[in-house]
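Student: Let me give you the structure first, and then I'll get to my questions.
The values are calculated or read from the model by the stated rules, or taken from the named source; none is laboratory data. Owing to the predicted nature of the structure, the values given are computational and were not obtained by experimental measurement. No Cβ is skipped: glycine too gets one built from the backbone with ideal geometry, and neighbour counts run over all protein chains shown. Side chains are part of the model used for accessible areas, which takes the heavy atoms of the whole protein and leaves out ligands, DNA and RNA. Shrake-Rupley method; radii C 1.70, N 1.55, O 1.52, S 1.80 Å.
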Amino acid sequence: TDKRKARKTIAKAYALNPRPELVPVWLQVHGAQAAQPGAMDQIAIVERLTREQPDHPVSDLAMAEANHRAGLWGVARRHALQALE
């Protein structure tokens, strides 16, 4: 399907060059808008995107945002601090 192709394209692009602009597009393709409920599901969706580049600062920022939306302040803080290093 078109969504599957879009997901593969975004994942490949992110694996080659993590860009913060790809995260909201990734969430949109998965039907998980940033303002919608289901923040815990968003964490899993963002984890799938960032698994190829888990130590990249953009990945840490994306994970910090997702965890912040889910109310997991400690995890969000840890990812934010890792992004700063």
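Student: If you roll a 1.4 Å probe over the heavy atoms of the protein chains, what accessible area per residue do you get for the chain, in Å²?
Tutor: Normalised by residue count, the accessible surface of the chain is 65 Å².
Student: Residue by residue through region 69-85, which ³J(HN,Hα) values in whole Hz follow from phi under the Karplus form 6.51 cos²θ - 1.76 cosθ + 1.60 (θ = phi - 60°), with glycine and proline marked x?
Tutor: With the stated coefficients, region 69-85 comes to 4, 7, x, 9, 4, x, 5, 4, 5, 4, 5, 5, 5, 5, 5, 6, 6 Hz.
Student: Under a 5 Å amide H to amide H cut-off, with H placed in plane at 1.01 Å, what residues pair with Gln53 once short-range neighbours are removed?
Tutor: Correct list: empty.
Student: Would you kindly calculate the mean projected area, averaged across all directions, of the convex hull enclosing the Cα atoms of region 43-85, in square nanometres?
Tutor: Values: hull surface 9.8 nm².
Mean projected area of the Cα convex hull: 2.4 nm².
Student: In what sequence, largest accessible area first, do Trp26, Trp73 appear using a 1.4 Å probe?
Tutor: Numbers: Trp26 15, Trp73 155 Å².
Highest to lowest solvent-accessible surface, that is Trp73, Trp26.
Student: About its Cα centre, how strong a charge dipole does the chain have in debye, to the nearest 20, once Lys and Arg get +1 and Asp and Glu get -1 at the Cβ?
Tutor: Working: 12 positive and 9 negative charges, 74 e Å.
Charge dipole, the chain, about its Cα centre: 360 debye, nearest 20.
Student: Another question, if that's okay. Kirkwood-based Rg over Rh for the chain (C-alpha set), two decimals?
Tutor: The Rg/Rh ratio comes out at 0.96.
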